[in-house]
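K.L.:
Quick one: this structure, given as structure tokens, is what I'll be asking you about.
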Amino acid sequence: MVTSYNSCLKWLLVVAIIGVALGCQPTTIQRGTTAKKQSAKSKDGSISFPDQLPKEDDENELTDSQVGVWAPTRWKYNPERTREFKLKHTKLEVSFNWEKQHLYGIATLMMQPYFFPQDSVVLDAKGFDIHEVVLVDKISRPLHYTYNGQQITIYLDKTFTRNEELTLRIRYTAKPNELSLSDNASGAITDRRGLFFINPTGENPYKPRQIWTQGQTESASCWFPTFDAPNVKTTQEMLITVDSSFITLSNGRLIKSTLNKDGTRTDHWKQDKPHAPYLFMMAIGKYAVIKDYWRGKEVSYYVEPEYAPYARAIFGRTPQMMEFFSNLLDYPYPWDKYAQVVVRDFVSGAMENTSASVFMEQLQVDHRYLIDDNWDNIIAHELFHHWFGDLVTCESWANLPLNESFATYSEYLWQEYKYGQDAADEFWLQEWEQYYTESLGKREPLIRYYYRDKEDMFDSHSYAKGGLILHMLRNLLGDEAFFASLRYYLKQHQYGKAEIHDLRLAFEEVTGMDMNWFFDQWFLHPGHPELQVQHSYENGFLTLEVQQIHDTTYTPAVYRLPLAVDYWVGGKKIRQRIEINQRQQIFRFPVPSQPQAVILDGDMQLVGIIKHEKTPEEWLYQLLHAERMLARYRALEALQKLYYPYDHQTPQEELLPIAEHALSDRSWQIRQAGLQILEKFAVLDEDLIDKIKNIALNDESSLARASAVNALSGKVAPSFFINTMNDSSYTVLVNSLYAYANSGGEDVIRYAEKFEHLNNFLVVRTLAEFYTYFEAMDKYDWFVNTLMRQNGYQLNQLLHYFGIYLNHQPDQVQLAGAKVLADYARRHSSTETRISAYSALSSMDSLPEVRSLMEEIRRTEKDQRVLNYYRSMQRSNE
């Protein structure tokens, strides 16, 4: 699964860019001046420096009083679920009532006691009406049961031993919208109902009617009865009856379609290989299906018909990924097919349902979007899960990194293979910053049994940190040993479950090495090392002094860190290998002359902080000569800290030639970072302006072009940006609109209106900000119609702008808009959208009619979390 913590959070972070067009766009419109740009990073990995960087002394060191902020919390112990039965086969026969949003189901479950004799069966089944429970035999007979709304306890008419199979048939109605909504969401999954009807009555003409499911973590039991735990594996059949105009998708192969006399069709899907219940899926809608093939297996892309021309541009590298991962693991993709389907209003970024991954609607883009970015990372992530997560599944949610860390690391592997080391470095940096940001307030072991809620496992520890640790393990052992160990692990546990020690034992079996020290310090302890480093040259020796300065209350007192030391002497790079294994250590290397630069961790792979004191000349040498983009980026970052300190409003002039050097770097990421520094200078000389203009018009990277536009904002005539508005990149277009406005351009709204036809949210958000800022008087209809086309966080952002826009309109327009907002606040299925609409309404609560609407919304709201939010808003306004 991809979540908001991860790099598509990564995905959800990606496109939820408020005020930043892929890391380049200014957030405010200031006519005649340079707009202040918000620091951010997009999915594509564009690198942004903060406007002000923290002081070196404040950045990483924690005082005793601060330790409690991130200290791990010990909640109740959460073991693997006890298995009383082996679930051998699950057959589901389902149909739907769209108006009621009900599923009518018959579940036939074949099972046998795991070891001990059993006289009853307890199944997870949330919010059902149970109509009948039957023991299927030569003479089928009904069974007595009790049901508490969460689990059904079925009393067997005899005691079954482990050598006896039994088959249960349960007829039921699933009513997901009538489930209790208390504690219904998490940071990973915004809704746990499991089964979702989208636009079921067709009232929104801009949104297709769909049904889809989301089983992780334990929401499969919201639409069929099962043992809803990750350590359960079962084969599967699904018979789905729908109106014949709809297309269905499920796990495995479509073995039969039957047209029924009532105009419906029943599709029979079957998967013969076992997988966990949370990976069961259905998707129903009116899709265009585009097909590719890999080694004779169907690879298909289900998109809305208008996106059919772009499907291969979005998903078409999937067969190449399948080949790459299959060869890398020496384990061919194991499932019957691979389908990828895009759904509306998805509750996460994506989900790796076996042989049929589900993706959020943001993947439906056009060719112009793909100039700036692609969705390869999220596609690779879900595909790699088909080995790590689907084929071998974590036995408990405490072991979630066995699924998610590997899927996250697959993104690095794909970037490295397809796009080169710079792209992989860029991804590494994103993941490190995600984890480090989270670590300032939370540090937990990767494998943690004492979590508060299983949803807490879906964080930047399980995703980002876990992927980075796997990269360290690969770097330690080398590619051959690393991937041979993964092959062994997969083959030992295929179609089964695993815990972290199974992975460790696989590495030990293949390499013959003791790996307990590595797994203990990185998987079973919280935190990360922090190193204070100094180097000096004297009498023909380079001396490196290293001190481990991290807090040891919870982290290991001393980390064992095998690292590379790179240094340049006479223009030649030399590498030495060391192992840091003491609190304080000194390393000495004979050298013929003073080194020009020194880098501890030349492989750029340590999951930790290195505070290395260097001269400006050494940092500049590293910027100009280091092979790795990440090393050059670190040097530029350090130089910016030096010449643009925390307490300065503007950068020092010494930073100007350094940033200009960066413009000639071979990596677009460094060119972009240099441009972002130059943006902070109010005045640049004409030669440098011409150089930036050339980048804005001709750089091969659209994101570098977009940053060049930002750097020129307020420094050149507005007419230049009319030209760059014609760029094929949405990002350059959006930045050009801001730059035109910030440079004093005339008729800003007229230029903005030219792009109202574009269905790209960066453009939509920019127009919304322009119309709000400039108080355009005739854009009410544009807002209302555009809102109907948005979903998820994009809708929530636009509701915010709509509320601000209405504040500057006549009372009559405000009241009409208030009714629109109230409708979203009352009726929308998403709690986040209801809150966003209510918050937008609150900006007009000086009007009595609006206060009445808000009172009605509070009175009819049933979700306790939403009500709590409303109460907190009221208290803050009192």
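The values are calculated or read from the model by the stated rules, or taken from the named source; none is laboratory data. Please read all numbers here as calculations on a predicted model, not as lab measurements. For neighbour counting, all protein chains shown are included, and Cβ atoms are generated from backbone atoms with ideal geometry for every residue, glycine included. We work out accessible area using only protein heavy atoms, side chains counted, and drop any ligands, DNA or RNA first. Shrake-Rupley method; radii C 1.70, N 1.55, O 1.52, S 1.80 Å.
K.L.:
Take the eigenvalues of the Cα gyration tensor for region 838-878, scale each by 5, and report the square roots as semi-axes in whole Å, largest first.
P.N.:
17, 12, 7
K.L.:
At q = 0.15, 0.19, 0.30 Å⁻¹, what base-10 log of I(q)/I(0) does the Debye formula yield for region 373-424 when every alpha carbon is treated as an equal point scatterer in vacuo?
P.N.:
The computed values of log10 I(q)/I(0) come out as -0.41, -0.60, -1.06.
K.L.:
For region 218-263, what is the Kirkwood hydrodynamic radius in Å, using each pair of distinct C-alpha atoms?
P.N.:
For region 218-263, inverting the mean 1/r across all distinct Cα pairs yields 13.2 Å.
K.L.:
Oh, and also: HN-Hα J couplings of region 167-179 from phi, Karplus 6.51/-1.76/1.60, θ = phi - 60°, integer Hz, Gly and Pro as x?
P.N.:
10, 10, 10, 10, 9, 8, 10, 9, 10, x, 6, 9, 5
K.L.:
Here's another thing I want to ask about it. Greater than 23 Å separation of Cα atoms is the criterion. Which listed pairs, LYS100/LYS233; LYS126/LYS273; LYS91/LYS126; LYS641/LYS680; LYS88/LYS126; LYS158/LYS273, meet it?
P.N.:
Checking Cα-Cα distances, LYS100/LYS233; LYS126/LYS273; LYS158/LYS273 exceed 23 Å.
K.L.:
Another question, if that's okay. Could you provide, to the nearest whole Å², the per residue accessible area of region 549-674 with probe 1.4 Å?
P.N.:
On the way: 5430 Å² over 126 residues.
Per residue, region 549-674 has an accessible area of 43 Å².
K.L.:
Give me the percent of the accessible area of the chain that comes from carbon and sulfur atoms, probe 1.4 Å, all protein chains in place.
P.N.:
On the chain, the fraction of accessible area on carbon and sulfur atoms equals 48 percent.
K.L.:
Can you tell me the FRET efficiency between ASN807 and ARG560 if r is taken as the Cβ-Cβ distance and R0 is 41 Å, rounded to the nearest 0.05?
P.N.:
Between ASN807 and ARG560 the formula returns 0.10.
K.L.:
Determine which lysines satisfy two conditions relative to LYS819: a Cα distance under 23 Å, and not lying fewer than 8 residues away in the same chain.
P.N.:
LYS207, LYS779, LYS862
K.L.:
Also, I was wondering about something else. Can you work out the accessible area per residue across region 356-414, with the rest of the protein chains kept in place, probe 1.4 Å, in square angstrom? All intermediate terms of the calculation are to be shown ahead of the outcome.
P.N.:
Values: 600 Å² over 59 residues.
Accessible area per residue: 10 Å².
K.L.:
At 1.4 Å probe size, with every protein chain present, just tell me what the per residue accessible area of region 90-142 comes to in Å². Intermediate results must be reported in sequence, preceding the final value.
P.N.:
Working: 2560 Å² over 53 residues.
Ligands and nucleic acids excluded, the result is 48 Å² per residue.
K.L.:
Of the labelled options (i) 286; (ii) 177; (iii) 235, which one gives volume of the Cα convex hull per residue in Å³ as computed for this structure?
P.N.:
Among (i) 286; (ii) 177; (iii) 235, the one calculated here is (ii).
K.L.:
If one puts a single equal scatterer on every Cα of region 673-744 and applies the Debye formula without solvent, what log₁₀ I(q)/I(0) results at q = 0.13, 0.15 Å⁻¹?
P.N.:
The Debye formula, applied to the Cα set alone, gives -0.28, -0.38.
K.L.:
Roughly how far apart, in whole Å, are the Cα centres of region 215-263 and region 490-543?
P.N.:
Result: 41 Å between the Cα centres.
K.L.:
While we're looking at this one, here's another question. Can you tell me which of 432-441, 335-344 comes out highest on packing, and rank the rest after it, using the mean Cβ neighbours within 10 Å?
P.N.:
The most tightly packed comes first, giving 335-344, 432-441.
K.L.:
Still on this structure: Let me check against my output: what whole-number percent is the relative contact order of the chain, with C-alpha pairs under 8 Å and at least 6 apart?
P.N.:
The normalised contact order for the chain reaches 11 percent.
K.L.:
If you rank TYR301, TYR751, TYR206 by how much accessible surface each has, with a 1.4 Å probe, what is the order from largest down?
P.N.:
TYR206, TYR751, TYR301
K.L.:
Right, something else. Which order do GLU426, GLU132 take when ranked by solvent-accessible area (1.4 Å probe, heavy atoms of all protein chains), largest first?
P.N.:
Ranked list, largest accessible area first: GLU132, GLU426.
K.L.:
Further, regarding this structure: Given the peptides 594-602, 112-120, 736-744, arrange them by the average over their residues of other C-beta atoms within 10 Å, most packed first. Before the final figure, lay out each step's value.
P.N.:
Numbers: 594-602: 20.6, 112-120: 14.1, 736-744: 25.9.
Descending packing order for the listed peptides: 736-744, 594-602, 112-120.
K.L.:
Go ahead and estimate [θ] at 222 nm for the chain from helices alone: -39,500 (n - 2.57) per DSSP H run with n ≥ 4, summed, over the residue count, rounded to 500.
P.N.:
Result for the chain: -11000 deg cm²/dmol, rounded to the nearest 500.
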